[in-house]
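The values are calculated or read from the model by the stated rules, or taken from the named source; none is laboratory data. Being a predicted model, the structure only gives us computed values, none of them experimental. Glycine gets a Cβ as well: all are built from the backbone with ideal geometry, and neighbour counts include every protein chain shown. What goes into the accessible areas is simple: the full protein's heavy atoms, side chains included, and nothing from ligands, DNA or RNA. Shrake-Rupley method; radii C 1.70, N 1.55, O 1.52, S 1.80 Å.
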Amino acid sequence: MREPFAGLGVGAYDTSHRSVTRPNPAERAASATDAVAEPIPELVLVALDPEVARFPDECAGCSGYATTSEIVGRGARSVVVPYCTECLRRSSAARTRELATVIASVVMTAAVAGGAPLVWPWAGPVALSLGAVFASAAPVVATCWLLPRFLPRLARLRAVFFTWRGELAFRRPLFAERVAALNGSKELRGARRVERPAVAVLAGPVLAMVAGPVLYYLHHPLVRVLNLHSETAFVEVDGHFVAKVLGSSIESPAAGVDVRIPAGRRQIVARSRSGMVDDDRVLVRGGRHHLYAPGTHDYCFWLETMSYGRDGPPGVGRRSLDPAASFWVLPRKIDAWFATIPASRGEARWSGGDLTALRQARCRNAPGPSGR
Ligand SMILES: [Zn+2]
């Protein structure tokens, strides 16, 4: 068998990869449907300076007459590759496929990060985020890794491209030899490299890494469970144990336990060692704060909102929570749980606006609502 690089004196050509050139280039059919779509994942790397690189006047994809060209790479590291119309169309299809991959990846991210917390409400944030990352990576892996290896004909590979390391890679050894000879390059070597995809294909996985945790916490709002009885309470939601809460009746920021419960209608049950304390069907709202104080007790809760105006002392507004309920969707975000809020802006390091505290006291001691 004739050694394809024998006549070129390419000493640096790595003979361990000689199999790359096994098909004799001279025997290759020089047609537009050949070469680029040929199921040969191997390619030839040529060391040359892209800024001064020259190309022979023939199509890089099929050796045919070059009627057009395409810029490959970006900025200083770019080359103008000659193509025939058919091979250019094929190369353009590669770009379209890359765009389709980005879109598919982003759609997968949205579907999994947005839908999985609803379908699997009890899955954890790590599992849901990883699921979104894997789903968004699937189209990228299929396009950039699986397709060129197993279905190169469908992959519509480009004839000339830059690898991840910035080397210029050629699918057709004969064309690579001509380019090397034209540019006086002595360094040719065979390799099995995949085409470097555009950075944009990472958009979906990166988005999944951010959207996964954010959507999890939006779908799993905070519920402060407060046990006002002396006995320890065990709380279950839809049959899932969520918290063990020690009894505490003194107003304290450390009182109770914070849990994250999937949004939607939930059956919430509190038990103590002596029996059932509370069994309620509640609506948990995404992105809101909640309070759960199971069982009968003589405590009342109210929201205390301090508005820090530009002029005059801060105004205080009070709003009582329904004393008959045991589960509340709080109308505002709570800045201080079971504590007073600072009276001055300096202490609060607050640049204006409102701060809301959730307060508790025995109902006979609780203050009535006041205007703002
Ligand atoms: Zn061509």
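Could we say that VAL126 is touching a helix residue (DSSP H, G or I) at 6+ places or on another chain (Cβ under 6 Å) and open to solvent by 20 Å² or more (accessible area, probe 1.4 Å) here? In short, no. Of note, ARG189 satisfies the criterion of being open to solvent by 70 Å² or more (accessible area, probe 1.4 Å) and touching a residue at least 12 places away in the same chain (Cβ under 8 Å). Taking GLY286 as the residue in question, decide whether it is closer than 30 Å to SER136 by Cβ and in contact with a helix residue (DSSP H, G or I) (Cβ under 6 Å, 6 or more places away or on another chain). Answer is yes for this residue. Just name the residue that is nearest to the ligand (Cβ to nearest atom) out of those in the range 46-69 that are surrounded by fewer than 20 Cβ atoms within 10 Å (Cβ to Cβ) and assigned to a strand (DSSP E or B). The selected residue is THR68.
Matching residues to (1) assigned by TED's automatic domain parsing to the domain that holds ALA76; (2) within 16 Å of the ligand (Cβ to nearest atom):
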{"position": "LEU157", "(1), (2)": "yes, yes"}
{"position": "GLY184", "(1), (2)": "yes, no"}
{"position": "GLU236", "(1), (2)": "no, no"}
{"position": "HIS240", "(1), (2)": "no, no"}
{"position": "ALA243", "(1), (2)": "no, no"}
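Scanning the range 257-269 for residues that are closer than 19 Å to LEU358 by Cβ and in contact (Cβ under 8 Å) with a residue 40 or more places away in the chain yields ARG260, ILE261, ILE268. Of the residues VAL206, VAL179, VAL257, the single one that is farther than 30 Å from ILE334 by Cα and either out of contact with any helix residue (DSSP H, G or I) (no Cβ under 9 Å at 6 or more places or on another chain) or outside the structural domain of GLY114 (by TED's automatic domain parsing) (or both) is VAL179.
Filtering the range 221-244 to residues that are surrounded by 15 or more Cβ atoms within 10 Å (Cβ to Cβ), in a strand (DSSP E or B) and touching a residue at least 24 places away in the same chain (Cβ under 8 Å) leaves LEU222, VAL223, ARG224, VAL225, ALA233, PHE234, VAL235, GLU236, VAL237. In the set LEU99, LEU128, only one residue is part of a helix (DSSP H, G or I), out of contact with any Pro (no Cβ under 7 Å at 6 or more places or on another chain) and either modelled with pLDDT of 85 or more or within 19 Å of ARG153 (Cβ to Cβ) (or both); that residue is LEU99. Inside the range 143-168, residues that are of a type in the set (S, T, N, Q) and either assigned to a loop (DSSP other than H, G, I, E, B) or in contact with a His (Cβ under 9 Å, 6 or more places away or on another chain) (or both) make up a count of 1. Looking only at residues that are of a type in the set (D, E, K, R) and within 13 Å of the ligand (Cβ to nearest atom) in the range 70-90, which one is surrounded by the fewest Cβ atoms within 10 Å (Cβ to Cβ)? That would be ARG89.
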